[in-house]
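In what follows, a single structure is set out as structure tokens and then discussed.
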Amino acid sequence: MNNVRFATALHILTLHYYMKDEMLTSDLIAGSMNVNAAIIRKELSNLRKHGLITSKEGKGGGTALAKSAKEIRLSDIYNAVRQTSPLGKKNTPNPACPVGKQINAELDIVYNDVEAAMIKKLSAITLAAFCKPIK
């Protein structure tokens, strides 16, 4: 199954960028993304936990960016939703095999290098810069 959390979080934050004068509800966001509002509420909770959005309860409530879009980097979003390596999970090889007993150590090096390069690239892009060509 594909991990869509980065794309989901980025869509949520992009909506907040363009609708910055409004408090956004999970239903509004879910409508934009064509998904169930429960999925959005779960991701909103995670983004709030990572300091990317704030929320207000009650009538007129909803969510908003916690800081300027110029201060939010795509690496912040990636780190908030990261679950596994971008290259996927590793196997559990046979430790009695000469390859199996060593391959994961070598894969760790490759996986870490690839993720570090990706995070470096993402850290160079702000949410504001990402959003500029949209809309």
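Each reported figure results from applying straightforward, stated rules to the coordinates on display, with no laboratory input. Note that the structure is a prediction, hence the values are computed from the model and not measured. Virtual Cβ from ideal backbone geometry, glycine too; neighbours counted across all protein chains shown.
Relative contact order of segment 5-131: what whole-number percent is it, with Cα pairs under 8 angstrom and at least 6 residues apart? Over segment 5-131, the number comes to 29 percent. Let me know the longest stretch in the chain that avoids all GluC sites (Glu not before Pro) found in a DSSP loop with at most 16 other C-beta atoms within 10 Å. Result for the longest clean stretch: 72-135.
Can you give the FRET efficiency to the nearest 0.05 for A37 and A129, using r as the Cβ-Cβ distance and R₀ = 30 Å? Efficiency computed from Cβ-Cβ geometry: 0.55. Applying the criteria of a DSSP loop state and at most 11 other Cβ atoms within 10 Å to the trypsin sites (Lys or Arg not before Pro) of segment 13-86 yields K59, K70. Highest mobility in the GNM of the chain, judged by mean-square fluctuation with C-alpha springs under 10 Å and restricted to Y111, Y17, Y78, is found for Y111.
Using alpha carbons only, the radius of gyration of the chain set against its Kirkwood radius gives Rg/Rh = 1.10. From helices alone, the chain scores -16500 deg cm²/dmol at 222 nm; the rule is -39500 (n - 2.57) for each run of n ≥ 4 DSSP H residues, then divide by the residue total. Taking one quarter of the surface of the convex hull spanned by the alpha-carbon atoms of segment 8-66 gives a direction-averaged projected area of 3.5 nm². For the chain, the number of Lys pairs separated by eight or more positions or lying on different chains, with C-alpha atoms closer than 19 Å, is 17.
Only four residue types carry charge here, +1 at the Cβ of Lys and Arg and -1 at the Cβ of Asp and Glu. Report the dipole size of the chain about the Cα centre in Debye, rounded to the nearest 20. Please report the intermediate quantities before stating the final value.
Details: 19 positive and 11 negative charges, 30 e Å.
Roughly 140 debye for the chain.
Using θ = phi - 60° in the Karplus curve 6.51 cos²θ - 1.76 cosθ + 1.60, the 3J(HN,Hα) couplings for segment 13-25 round to 5, 5, 4, 4, 4, 7, 10, 5, 8, 10, 8, 9, 8 Hz; x is entered for Gly and Pro. Both radii come from the Cα set of segment 1-40: Rg as radius of gyration, Rh as Kirkwood radius; their ratio Rg/Rh reads 0.98.
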